[in-house]
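Okay, handing you the structure first.
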Amino acid sequence: MEKKIISIADELRRSISMPSDGKPNNKSVNGNSVMPAGKQARDKKTIPTAGAILEAMSGFDCTGNTHMLHPRLDIRTVKLLNSFKLASGIDMNRFIAFSIHYLFQQHPELKTYIKQSLENFEL
């Protein structure tokens, strides 16, 4: 009998995509948003599963983005992001771009605050 050699990254990917009961997650997106936006998400109190977040993150299109940011992160965050890349195959840039997009989507009051601040800005 031949035994398969599984890397640690493959094991982590499998454990992230499966719920704790060991059964694969068979939920399909069906063209709907994986994570509800704004007030709707807070009203329903739905918390997306890790599999749903990973699916949304891997499907997040950031190919047309040309602006570069150089965020300053502490060493623990960088190590965590490196581990996340090994586990999921999603790089730091996509993770950060998705996270910022998701933050503004979930908290539209931030956009309102920015607009109001710019209206009241005097030179």
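What follows draws every value from the coordinates through simple rules; no lab data is involved. As the structure is a prediction and not an experimental result, all values here were calculated from the model. All Cβ positions, even for glycine, are placed from backbone atoms using ideal geometry, and neighbour counts span all protein chains on display.
Using the 10 angstrom Cβ neighbour count as an exposure proxy, how do Glu55, Glu122 rank, fewest first?
Glu122, Glu55
Apply 1/(1 + (r/R0)^6) to the Cβ-Cβ distance of Phe60 and Phe121, taking R0 = 22 Å, and write down the FRET efficiency to the nearest 0.05.
0.10
Still on this structure: Can you figure out the FRET efficiency of Ile8 with Met92, using R₀ = 25 Å and their beta-carbon distance, to the nearest 0.05?
After rounding to 0.05, the efficiency reads 0.85.
On a full-extension model of 0.36 nm per residue, what is the gain between Thr77 and His107, subtracting their alpha-carbon distance, rounded to one decimal in nm?
8.5 nm
Bins of 10 Å, beginning at zero and ending with the bin holding the largest distance: percent of Cα pairs per bin for segment 62-114, please.
Using 10 Å bins, I get a P(r) of 20, 44, 31, 5 for segment 62-114.
How high is the FRET efficiency from Ile114 to Ser15, r the C-beta distance, R0 35 Å, rounded to 0.05?
It comes to 0.35.
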